[in-house]
Amino acid sequence: MNYYEIAIPVNLEKNYTYQSFATIKTGCRVFVSFQNTFYTGIVWQKALEINPDIKYKEIIEIIDETPKITHNLLKLADWISHYYHCSLGMVIAAMLPSAFNIQTQQKVKRISIKLEVDAEILSLISKDEWTDISILKENKITNIYERLEKLEVLQLIEIQRTYDEKIKKKIANFIVLNFPQILPELTVKQNEVYTELQKVGTDFPLSKIINQFTYYSVKKLREKGLLTIEPREIDSKTSLLPKERKIRNFQLTDEQNEAVKCLQKSVSKNEFKAFLLYGITGSGKTEVYIKAIEKALQMGKTALMLVPEISLTPQMVEMFYNAFGENIAILHSHLNDRERWEQWNKIKSGDSKIVIGARSAIFAPLENIGVIIVDEEHETTYKQDKTPRYNGRDLAVVRGKFADAVVILGSATPSLESWQNVKSEK
């Protein structure tokens, strides 16, 4: 039997230990029960101490075979947890898209005919077929999950659990036209619709013609064998990048060239170093950022760019898109669950080497980071006011240190802390 510490998204002072016969890697998602509620947790580490007097709960389901959260992010989560006095599970939950959470449905069936234990619940559960847990909820049964777990341990019931990803694959109906040798008898309207459909194609999405013809007309053609309607998985990815890439023509000033040389020199050394890029608004700090990122990309590294407000993201994305093309992912809180999940996977898979976003983008699953940039580093919007409370600018410096990356803090009006760190050569 293996024992693992699991980080779950509850404000706890410690991780709780669960058991499993399987070998599970650190950073993988698991499904566990805690205080009669089910959670998607992350395997933190193998338990260091096992108390023989404790009966440990079992891990209900192992969701991942390979880790979903990188070693460097786990290291950052540990630092945040200690520095900001927050539970590890809450920190990791903030790092990951909400789509990471698994939803569960339960059905129960009685094994025994005995009703001596908890007859209130057992009398509502069939012995011959599965009973949905919603039936128990309709009867206002209290502490359902706790009582069901006890009945399962006593082998009086069997529980069937099914798990769903929050973000499901998109399915669309497609029309496939059939061309029988003998055409069935059609009304004038049906013949008109069939003729028009042939002009569209022989295999196309139903949505392509839904505004042109009624579904009733299409259904009648299906009944007469002239077409079939097939559900198919479709590519649901939406591009968050501009449609047009513009040609860049920008000449650096002598001061900008000096800054670029200094930054690129440090990037090439693969060492952690923090810089304050001090320049008035419109002085071309973004061009310096771009040159630093170019050097990181040349070395096969990645880059992270933080902006203080979501409203500034499109402007920065356009400039970076003109410079780097499709090699960009975007992360901020205004993305819907599906968009955030897609962007996160682009980063995790290595398809995007550059990430642009607001403060939460500091948790992007980038590997081999060469440079981290915090634009307008003095802005208070980098401070998160919900648990875990953190300062995105400060986390950029910490993550840069863990990754041996160059950190650039840019501002026209630097914060007092950053100015003092420059004066003290920190």
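The values are calculated or read from the model by the stated rules, or taken from the named source; none is laboratory data. Computed from a predicted structure; not experimentally measured. With ideal geometry, Cβ positions are generated from the backbone for all residues, glycine too; neighbour counts draw on all protein chains shown. Side chains are part of the model used for accessible areas, which takes the heavy atoms of the whole protein and leaves out ligands, DNA and RNA. Shrake-Rupley method; radii C 1.70, N 1.55, O 1.52, S 1.80 Å.
Relative contact order, whole percent, for the chain stands at 14, derived from Cα pairs under 8 Å and 6 or more residues apart. Distance between the 7 Å Cα→Cβ label points at GLN181 and TYR83: 7.7 nm. In this rough spin-label picture, where each label sits 7 Å from Cα along the Cβ direction, the LYS423-SER98 distance is 4.4 nm. Label-to-label distance, ASN270 versus ASP337, with points set 7 angstrom from Cα along the beta-carbon direction: 4.1 nm.
By the scheme Lys and Arg +1, Asp and Glu -1, what is the net charge of all other residues having a beta-carbon under 13 Å from that of ASP404? For residues surrounding ASP404, the net value is +4. Computed about its Cα centre, the charge dipole of the chain is approximately 480 debye, with only Lys, Arg, Asp and Glu carrying charge at their Cβ. With contributions of -39500 (n - 2.57) from each DSSP H run of at least four residues, the per-residue ellipticity at 222 nm computed over the chain stands at -9500 deg cm²/dmol. Share of carbon and sulfur in the accessible area of the chain stands at 48%, probe radius 1.4 Å.
For semi-axes √(5λ) of the Cα gyration tensor in Å, several values are listed as [x] 47, 39, 16; [y] 29, 27, 21; [z] 49, 22, 20; flag the one computed from this structure. The value computed from this structure is option [x]. For segment 283-292, 3J(HN,Hα) computed residue by residue from phi via the Karplus equation (6.51, -1.76, 1.60; θ = phi - 60°) reads 8, x, 4, 4, 5, 5, 4, 4, 5, 5 Hz, glycine and proline entered as x. Straightening the chain between ILE159 and ALA172 buys 1.4 nm, computed as 0.36 nm per residue apart minus the Cα-Cα spacing. For TYR16, neighbours were defined as the other residues whose beta-carbon sits under 15 Å from its Cβ, and their charges (Lys and Arg +1, Asp and Glu -1) total 0.
Shown in residue order for segment 54-69 are the 3J(HN,Hα) couplings computed by the Karplus curve 6.51 cos²θ - 1.76 cosθ + 1.60 at θ = phi - 60°: 9, 8, 7, 6, 8, 5, 6, 8, 9, 8, 10, 8, 10, x, 9, 10 Hz (x for Gly and Pro). For segment 2-134, averaging the sequence separation of C-alpha pairs within contact (under 8 Å, six or more residues apart) and dividing by the residue count gives a relative contact order of 25 percent. Computed with a 1.4 Å probe over protein heavy atoms only, the accessible surface of the chain comes to 55 Å² per residue.
Near the amide H of PHE34, within less than 5 Å, lie the amide hydrogens of TYR39, all on another chain or at least 5 residues away, with H placed in the peptide plane. The charge dipole of segment 65-181, taken about the Cα centre with unit charges on the Cβ atoms of Lys, Arg (+1) and Asp, Glu (-1), comes to about 380 debye, rounded to the nearest 20. Would you tally the net charge around GLU367, using a Cβ to Cβ cut-off of less than 11 Å, leaving GLU367 out, and scoring K and R as +1, D and E as -1? Cβ neighbours under 11 Å give a net charge of +3.
Set the Förster radius R0 to 22 Å, insert the Cβ-Cβ distance between ARG232 and ILE210 as r into 1/(1 + (r/R0)^6), and round the FRET efficiency to 0.05. Plugging the Cβ-Cβ distance into 1/(1 + (r/R0)^6) gives 0.90.
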